[in-house]
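A short write-up of the structure that comes next.
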Amino acid sequence: MKKKISMFIVIIFVSISIFTPFKNVQASPQPVSAIFGGGPFYEKGQSVMNDLKSSGFNTVMIWSIHVSATGDLNINDHEICKNGSYVGSDAWKAQWATLKQAPTSINRIEVSIGAWGTPDFENIRNLINSQGTGPNTNLYKNFKALLEATGADAVDYDDESCYDVDSAVKFGQMCTNMGYKNVTLCPYTNVNFWSNVKNKLGDTVDRVYLQCYAGGSSNNPASWQSALGMKVIPGLWCRDESANSVKNILSDWNKSSGIAGGFMWLYDDMLNNKLSTASYANAINSVFTQTPPYSSDNLALNKSVTANQYVNGENPSLAVDGSTTDNSKWCSTVSGPKWLKIDLGKNYDISRWVVKHAGAGSESSAWNTKDFKLQKSSDGINWTDVDTVVGNNSDITDRKVPTFNSRYLRLYITTPTNTNDSAARIYEFEVYGK
Ligand SMILES: [Ca+2]
């Protein structure tokens with residue numbers, strides 16, 4: 001069958017608890033890095049399997065499984081299941097079976113059904129309407145044989161034309177009843193159809209692969225996530241995007257709306273153009289392993305601030321005014337600990353704090369604050385240490401901390417300088433969330 005370029009894949013993650021509203025659950029499965037491939041997955045032998053195993057992708061999607069009017073199955077042009085039996089190459093079956101064998105990055109295999117311009121889902125609809133989904137039907141027996149031959153974890157729907165909810169749901173139930181663990185969706189348009197299928201199949205649908213290339217190039221993952229009530233895995237085409245641009249695009253989507261992974265379309269093109277499979281897998285994986293970017297919003301800026309003491313003209317508000325010039329600092333000369341307390345006005349998630357000392361304001365770096373800590377409080381009265389700095393002599397302290405939630409913060413200084421000078425000089429105190 002002729003391979004068409006436009007396609008979708010959707011995968012949905014299972015909520016870890018059906019009793020918790022989905023948006024709050026955010027089951028935390030491994031971020032998905034998936035690759036779709038066609039002919040080479042069947043035709044090119046063990047070297048392709050070895051390439052996939054060492055790529056860094058964790059999911060392999062064999063595309064496309066075609067369904068004939070009688071329910072027999074092809075992988076692209078190759079007949080693979082007929083009259084209820086596997087009739088494909090034995091060598092391929094053995095090669096394919098190595099995909100999940102250690103050492104490998106692959107832990108999931110899916111069989112992706114359909115493509116642009118092929119009547120696979122129309123044939124599924126017609127067969128189910130005329131014969132049902134019983135274990136003696138040719139459709140059932142062939143998909144069972146396909147499951148045994150491929151070890152697939154899920155069936156993926158790349159329906160681009162039929163869009164019949166009833167048969168799509170019955171087909172999914174048939175597949176999970178025979179042993180496929182999940183159904184995944186691969187849309188590029190018609191969100192209402194996919195939303196209906198997802199709702200009717202429930203947690204069976206654990207992934208949505210959203211086509212964001214070709215016909216789906218204008219898709220916004222956030223709007224699909226909102227419509228489907230689950231995170232999606234956006235896909236990009238290696239013909240259009242370098243590995244670096246894949247990383248940047250997915251990273252932007254992940255920052256703005258949080259996505260469940262990414263997928264690449266299409267292995268065949270990578271092979272033909274000598275693109276590195278691993279470089280694309282790394283690009284996707286790096287989006288989810290890098291330190292989450294911090295917001296550029298300084299949550300302390302111009303917030304209500306007090307101190308246990310300050311020098312005339314060098315009041316606490318000068319430590320949160322965003323400036324390090326023109327002596328814009330809080331200075332305290334009280335004996336003993338000196339503190340600066342900020343009321344953020346409400347609770348925030350905080351993961352980074354910054355202090356700009358004397359040297360950052362063009363004073364002597366020897367006056368940089370030496371020993372101090374960040375404290376948090378829920379009532380502004382009782383304090384808990386969050387992070388402690390000892391022996392600092394840098395002009396700027398920039399600390400990342402595990403995310404905590406607080407309204408009140410305190411900079412608590414125990415040794416104000418690296419000399420005998422007893423004055424604390426804080427040009428700016430800043431806090432950031434992710
Ligand atoms: Ca300042």
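The values are calculated or read from the model by the stated rules, or taken from the named source; none is laboratory data. These numbers were taken from a predicted model, which means no experiment stands behind them. Every residue, glycine among them, receives a Cβ derived from its backbone with ideal geometry; neighbour counts consider all protein chains shown. Just the protein is used for accessible areas: all its heavy atoms, side chains included, with ligands, DNA and RNA removed. Shrake-Rupley method; radii C 1.70, N 1.55, O 1.52, S 1.80 Å.
Numbers at a glance
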quantity: Segment 304-432 - percent relative contact order, Cα under 8 Å, separation 6 or more; calculated: 35
quantity: Angle between the chain longest axis and helix 120-131 axis [Cα atoms, degrees, rounded to 10]; calculated: 60
quantity: Extension reserve of the Thr388-His78 stretch, reckoned as 0.36 nm per residue once the Cα distance is removed; calculated: 105.1 nm
quantity: Protection-proxy order for peptides 401-408, 277-284, each taking the mean of Cβ atoms within 10 Å per residue, highest first; calculated: 277-284, 401-408
quantity: Folded to 0 to 90 degrees: helix 138-150 orientation relative to the chain principal axis, Cα; calculated: 50
quantity: Accessible solvent surface per residue of the chain, calculated while the other protein chains remain in place, 1.4 angstrom probe, Å²; calculated: 41
quantity: Nearest-ten-degree value, helix 191-201 long axis tilted from longest Cα axis of the chain; calculated: 80
quantity: Under 19 Å from the Ser335 label point (7 Å along Cα→beta-carbon), backbone N, segment 367-382; calculated: none
quantity: Cα-projected label distance for Lys200 with Ala366, points at 7 Å along beta-carbon direction, nm; calculated: 8.0
quantity: Estimated vicinal HN-Hα couplings, Hz - segment 222-228 in sequence order (Karplus 6.51, -1.76, 1.60; Gly, Pro = x); calculated: 4, 6, 5, 4, 5, 5, 8
quantity: 5 angstrom amide H check on Phe263, placed H, neighbours 5+ away; calculated: Ala34, Gly235, Leu236
quantity: Extended-chain gain in nm, criterion 0.36 nm per residue less alpha-carbon gap, Ile381 and Arg239; calculated: 45.2 nm
quantity: Spin-label pair Asp326/Asn308, simplified geometry with 7 Å Cα→Cβ offset, distance in nm; calculated: 3.1
quantity: Efficiency of FRET between Thr419 and Ala227 - r from beta-carbon atoms, R0 51 angstrom, step 0.05; calculated: 0.25
quantity: Inter-probe distance in nm under a simple model that places probes 7 Å from Cα toward Cβ, at Ala69 and Thr176; calculated: 3.2
quantity: Neighbourhood charge, 14 Å Cβ-Cβ cut-off, centred on Asp206 and excluding it, Lys, Arg +1 and Asp, Glu -1; calculated: +1
quantity: Cut-off 11 Å (backbone N to label point 7 Å along Cα→Cβ of Ala97), residues of segment 135-167; calculated: 149-151
quantity: The chain - share of DSSP beta bridges that are antiparallel (%, nearest 5); calculated: 60
quantity: Whole-Å semi-axes of the chain's equivalent ellipsoid (Cα gyration tensor); calculated: 58, 22, 17
quantity: Contour minus Cα-Cα distance for Ser317 and Asp166 (0.36 nm per residue); calculated: 48.0 nm
quantity: Protein accessible area in the chain, 1.4 Å probe - carbon and sulfur %; calculated: 46
